[in-house]
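Student: Right, I'll just put the structure down here and ask away after.
The values are calculated or read from the model by the stated rules, or taken from the named source; none is laboratory data. None of the values given here were measured: they were computed from a predicted structure. Neighbour counts run over all protein chains shown; Cβ positions are idealised from the backbone, glycine included.
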Amino acid sequence: MPTITIVHMTPPLRTERLIIRDWSSTDSEEAYAVYGSPEVSRWLTPSMRTVGDAAAMRSVLEAWVEAQPNLIPPAGRWAVVRQEDDAVIGGLSLRLLPPFEEDFELNWQLRPDTWGNGYATEASKALIRWAFDQGLEEMFAVARPNNHRAIATARRLGMEWVGETDKYYDLRLQVFRCRPSDL
Ligand SMILES: CC(C)(COP(=O)(O)OP(=O)(O)OC[C@H]1O[C@@H](n2cnc3c(N)ncnc32)[C@H](O)[C@@H]1OP(=O)(O)O)[C@@H](O)C(=O)NCCC(=O)NCCS
């Protein structure tokens, strides 16, 4: 019996205004403008909050690039690039939520001066569609109750509020879910 290898289509994904692609360590300056900005870093997990400069960001990106091929699809971390000026304006990731690692979480970060243009919604829609095409049956987003922009983005994506929990990250979080039929 021949061995069948399933090759997963991976981003880059192209939307009307954006490209979602793998990170490169050469993105460190632009990535630091996203993850190092106080408006973004206040919502990050503690390990990411300690990224203090572009050099530290480069080390983080190197680790992400190395880890990417070993993540269980559709998990991954991607840069969001604006086509108009080829600028890296943010990042998206899909990861298994701790501690049970059963639920996939979508999360997103944009450079603050690009908020308010619908970029998180546009990029997320493409990534969600791609993830469901890989066979994923549901996807979650979690946000602290006072993270109003993140909650608004989850709702804009058509995600359904399913409750509040403290089972992930030891934080009280609002939980949103979407399934292929919600698209
Ligand atoms: C969460 C975050 C990515 C949302 O950014 P955002 O730009 O508000 O997200 P959206 O893509 O949903 O954009 C919606 C806004 O763009 C506007 N908009 C303009 N054109 C639009 C379009 N074509 N489609 C949708 N919205 C559009 C909407 O009216 C809305 O404006 P408003 O906020 O003034 O009401 C951003 O606030 C962020 O990086 N926060 C810090 C990190 C974080 O908390 N991440 C989430 C938890 S991990």
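Student: What number of residues in the stretch 157-182 are free of Cβ contacts under 8 Å to residues at least 40 places away in the same chain and over 21 Å from Asp133 (Cβ atoms)? Walk me through how you get there before you give the answer.
Tutor: Residues of the stretch 157-182 that are free of Cβ contacts under 8 Å to residues at least 40 places away in the same chain, as a first pass: 157-166, 170-177, 181-182.
Going one step further and asking which of them are over 21 Å from Asp133 (Cβ atoms), we end up with 161-166, 170-175.
The number of residues fulfilling the criteria is 12.
Student: Please tell me if Phe100 is in contact with a strand residue (DSSP E or B) (Cβ under 6 Å, 6 or more places away or on another chain) and over 22 Å from Thr15 (Cα atoms). Show your work before the answer.
Tutor: Numbers: in contact with a strand residue (DSSP E or B) (Cβ under 6 Å, 6 or more places away or on another chain): no; over 22 Å from Thr15 (Cα atoms): yes.
In short, no.
Student: Out of everything in the stretch 96-131 that is over 19 Å from Glu30 (Cα atoms) and of a type in the set (Ser, Thr, Tyr), what residue ends up being nearest to the chain's Cα centre (by Cα)?
Tutor: That would be Ser124.
Student: Can you list the helices (runs of 4 or more DSSP H) lying wholly within the stretch 16-129 that have 1 or more residues being over 29 Å from Leu183 (Cβ atoms), more than 12 Å from the ligand (Cβ to nearest atom) and touching a residue at least 12 places away in the same chain (Cβ under 8 Å)? Can you show your working first?
Tutor: Numbers: elements: 28-35, 38-41, 46-49, 54-67.
Counting at least 1 such residues, we get 28-35, 54-67.
Student: Quick check on the stretch 81-95: of everything there that is surrounded by fewer than 19 Cβ atoms within 10 Å (Cβ to Cβ) and under 12 Å from the mean Cα position of the chain (by Cα), which residue is farthest from Gly36 (Cα to Cα)?
Tutor: This residue is Arg95.
Matching residues to (1) closer than 22 Å to Val34 by Cβ; (2) at pLDDT 95 or above:
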position: Leu127; (1), (2): yes, yes
position: Leu157; (1), (2): yes, yes
position: Asp170; (1), (2): no, no
position: Val175; (1), (2): no, yes
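Student: Could you check how many residues of the stretch 25-41 are touching a helix residue (DSSP H, G or I) at 6+ places or on another chain (Cβ under 8 Å) and exposed (fewer than 15 other Cβ atoms within 10 Å of the Cβ)?
Tutor: First pass over the stretch 25-41, keeping only residues touching a helix residue (DSSP H, G or I) at 6+ places or on another chain (Cβ under 8 Å): 25, 27-29, 31-32, 34-37, 39-41.
Narrowing further to those that are exposed (fewer than 15 other Cβ atoms within 10 Å of the Cβ): 29, 39.
Within the stretch 25-41, residues that are touching a helix residue (DSSP H, G or I) at 6+ places or on another chain (Cβ under 8 Å) and exposed (fewer than 15 other Cβ atoms within 10 Å of the Cβ) number 2.
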